[in-house]
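This report refers to the structure that appears directly beneath it.
Only the coordinates and a few stated rules stand behind these numbers; no lab work does. Since we're looking at a predicted model, the values are computed, not measured. No Cβ is skipped: glycine too gets one built from the backbone with ideal geometry, and neighbour counts run over all protein chains shown.
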Amino acid sequence: MKDLLKLLDLSKEEILQILNVADQMKYNQQHGLTHNYLQGKTLAMIFEKNSTRTRVSFETGMFQLGGHALFLSNKESQMGRGEPIEDTARVLSRYCDGIMIRTYSQEEVEKLAQYADIPVINGLTDFAHPCQVLADLMTVREHQSKLEGLKMCFIGDGNNMVNSLIVGGLKVGMEVSVACPEGYDPHPDVLAFAQSAPYAGKFRLVRTPLEAAQGADVVFTDVWASMGQEEEAAQRRAAFAGYQVNEELMKAANPGCMVQHCLPAHRGEEITAEVFEAHAGEIFDEAENRLHAQKAVLYLLMGGEQ
């Protein structure tokens, strides 16, 4: 693994390796064990999209591993004034040991990795959110003691989250069921992957949330209007009416079913306040695990040694 651009690029073994290292990172922190695996190393963090969890977890993770993180927004870099991404990649490769980028276009991330001589990590694009889904899988395994054979359900928009959840879930042996309104399906490349061997029969795309949730071990959802879609908010509220994680939907799932939300959550829209609070422990474990999963990625990509 040279970069983390999207989960489509990773094998099952690579995903599980990241999760295993993440578990060790969490254990180390809980037991007061500190290791300067990335002593003297620097991560450049490019933010074209704002963030709370991504910035804080990456910056904290680098600090805890003994390294340093640099925050670069459009206002604070020449990218905001039109410098080509390939030039930014080549310059940062001379200064830093890794790049994390949170932006809109997947193509921009791929080009950054093409021209960089150091590892590139996708902190989020409109197509994929691999770091979040690694934390999600870590959390599910933590609570359910396994991934293989579980059923994952997603209710809502076919956005970057569901694109990565479908790929990650299928690759680690889960069954995946998704309920989206017509016109809001996951990306065609992801659907082609999900319908290919050996995953055929393990994936379903349906229009009815209750059908998708039937027999689920974990239910995922996300906001109806993601960052950059604010102008579509009213249209999306109408389209997603009924695509809510509520008590009725949870009754269709298996007893003990988890709920996961990548946050921020809009209580009363994609999830009720009652269901959110009933599963807040799992949801905030998921948020915490961003730190541990990303520390594992940083360690594996940036050359840490045990």
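Observations on the structure shown:
- Residue-wise HN-Hα couplings along the range 205-212, as the Karplus relation 6.51 cos²θ - 1.76 cosθ + 1.60 with θ = phi - 60° gives them from phi, are 10, 10, 9, 10, x, 4, 5, 5 Hz; Gly and Pro carry x.
- Annotation: amide H of TRP224 within the under-5 Å range of GLU270, sequence separation 5 or more or interchain, hydrogens built in the peptide plane.
- Debye, to nearest 20: dipole size of the chain, +1 on Lys, Arg Cβ, -1 on Asp, Glu Cβ: 480
- Relative to the longest principal axis of the Cα atoms of the chain, helix 280-301 runs at roughly 40 degrees.
- What the Cβ-Cβ distance of ASN36 and ALA238 gives, at R0 = 45 Å and to the nearest 0.05, is a FRET efficiency of 0.30.
- Residues in the range 258-270 carry Karplus couplings, in order, of 7, 10, 10, 9, 6, 6, x, 9, 9, 4, x, 9, 6 Hz; the curve used is 6.51 cos²θ - 1.76 cosθ + 1.60 with θ = phi - 60°, and Gly or Pro positions show x.
- For the range 132-286, taking the reciprocal of the average inverse distance between every pair of different Cα atoms yields a Kirkwood hydrodynamic radius of 15.3 Å.
- Considering only the chain, percent of DSSP beta bridges that pair antiparallel, nearest 5: 0
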